[in-house]
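Since the structure comes first, as structure tokens, the remarks are kept for the end.
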Amino acid sequence: MDNDILVDDDFVFYSLLYSSITVVFAMAVLSKFLTNEFRFGFRSLMSLGLLFTGEPVCHLLLKGAAGVILFGVGCLFVYSILPASHLPATGKTVLITGCDSGFGQELAKKLDSLGMQVFAGCLHRNGPGALKLQHSCSSRVKLLQLDVTNNTEVQQAFDFISQQVTDEGLWGLVNNAGTCYLAEVELTPETVFRKILEVNLMGTIRMTKTFLPLIRQSKGRIVNTSSVSGRVPASCLAAYGVSKAGMECFSDVLRVEMQRWGVKVAIVEPAGFKTDAVELHSLNEKKEYIWDNLDEKTKAVYGRKYFDKSYENFEAALCYFPTDLSPVVRAMRSGLLSMKPRQRYYVGRGAGTLVTVFPFLPVWLADKIIFSFGFANRELNPAGLQNN
């Protein structure tokens, strides 16, 4: 009787060990898949199938610790041979715009750690952001003075990189430089519309057209940093949304046209991440620029209190924006190095769901989302309406 109890206890104990190993292995594989570090294919499915078939075999035929050890070793072996979804990074060259801060700076650090040569374009080559990047990276990262709205600087960057990469070409171009101003349409001066379009859209077009010969040479990648705002309109973000919607169209057409050349184009669409571009100091400067460039009649109709309220709403929302930029960096890395990059990477809470569902909504519901998704005043009317 006692022997039967011991046998049952051993069976339960080793069953728990097998289950624990299986759970840990499954979580590791799932994590690798979700971060685009391996791809499902015939070989990976066969390996996983054999492994899970091997669990009961080890459990029943190899009693005790020997079976557990063999199964654990089998898990480690299968995990190590799962087919990678990424191309080798070492030796590849990439140009990233907007590396003074935010996504561009974090991506430059990540690619440097993978052994890639990075040309980091900075709006201010000797600014604090660029110097911070330089001090935190290896000599593989080369800083460039690069204002994407400046034809001379873009051409100088092209000439310099052409000399560096010679016959190999440039593997990747990441169009990340961007700017954002916050205001309702009537409160956004035409100069602000032009400035945002010049940086976000024309800057992307200018960089792409300039560097395409080097990208074609290597049959490389172009990754464009767009935004969910380019797919789902939001109040107070009309100028920004227009620029990103234009980038979406440009990227889609470019992707189709580049297929015959073996060049792949990916779009990354972040939603609500807290970067230096939305820090309070930067926002206040932009807010004052917009107000100072409004005509007196528009100022009187809306009022300063109403204008400021939109920024207060945005500042209140900032505390909910994630500061961890790694999901966006992973998406950019996947666009550059994945064997089969996605056409679009939706990054952020609910981004994929919102973008997928929005086009199918009735107009009345879509309008409510446009209003609530943005930062327009809900509590306060413009001064002109208050007087009425």
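Values in this text are rule-based calculations from the coordinates and carry no lab data. Bear in mind the structure is a predicted one, so any value in this text is a computation, not a measurement. For neighbour counting, all protein chains shown are included, and Cβ atoms are generated from backbone atoms with ideal geometry for every residue, glycine included.
In this rough spin-label picture, where each label sits 7 Å from Cα along the Cβ direction, the S19-A383 distance is 7.0 nm. If I compute percent of Cα pairs over 29 Å apart from the structure I just sent, which labelled value in [x] 53; [y] 37; [z] 71 lines up? So the calculated entry is the one marked [x]. Here region 236-388 is treated with +1 on each Lys and Arg Cβ and -1 on each Asp and Glu Cβ, and its dipole about the Cα centre works out to around 680 debye. When a/c reaches 1.5 or more, the comparison of a/b and b/c decides; with that in mind, is region 96-189 rounded, prolate or oblate per its Cα gyration tensor? The shape class here is prolate.
Each of I96, T149, I69 was placed along the dipole of region 69-163 (beta-carbon charges, centred on the mean Cα), and the one lying farthest toward the positive end is I69. Across region 210-250, the residues whose backbone nitrogen lies under 20 Å from the label position 7 Å along the beta-carbon direction of E257 are 210-226, 243-250. Under the classification rounded if a/c is under 1.5, otherwise prolate if a/b is larger than b/c and oblate if not, where does region 113-246 fall, given a ≥ b ≥ c as square roots of the Cα gyration tensor eigenvalues? Prolate, because a/c is 1.5 or more and a/b exceeds b/c. For region 225-288 versus region 342-388, the spacing of their alpha-carbon centroids is 16 Å. On the basis of the beta-carbon distance and an R0 of 51 Å, K305 and S136 show a calculated FRET efficiency of 0.75.
For the pair L318 and T353 in one chain, pulling the backbone fully straight at 0.36 nm per residue adds 10.5 nm over the alpha carbon distance.
Averaging the sequence gap over all C-alpha pairs within less than 8 Å and six or more residues apart, then dividing by the number of residues, gives region 114-218 a relative contact order of 28 percent. Dipole size of region 93-373 about its Cα centre, with +1 on Lys/Arg Cβ and -1 on Asp/Glu Cβ: approximately 980 debye, rounded to the nearest 20. Residue ranges 69-75, 194-200 sort as 194-200, 69-75 when ordered by packing (mean number of other C-beta atoms within 10 Å per residue, highest first).
Across the chain, the mean sequence separation of Cα contacts (distance under 8 Å, 6 or more residues apart), normalised by length, yields a relative contact order of 15 percent.
Going by neighbour counts of Cβ atoms within 10 Å, the residues T210, T191 line up, fewest first, as T191, T210. Here region 259-308 is treated with +1 on each Lys and Arg Cβ and -1 on each Asp and Glu Cβ, and its dipole about the Cα centre works out to around 280 debye. Straight-distance candidates among the lysines for linking to K299, with alpha-carbon spacing under 30 Å and chain neighbours fewer than 8 residues away dropped: K195, K244, K274, K286, K287, K309, K368. What's the local net charge at Q155, with K and R +1, D and E -1, over the other residues with C-beta under 13 Å away? Local net charge: -1.
Paramagnetic label reach from E168 (point 7 Å along Cα→Cβ; backbone nitrogen cut-off under 11 Å): within region 102-118, residues 116-118.
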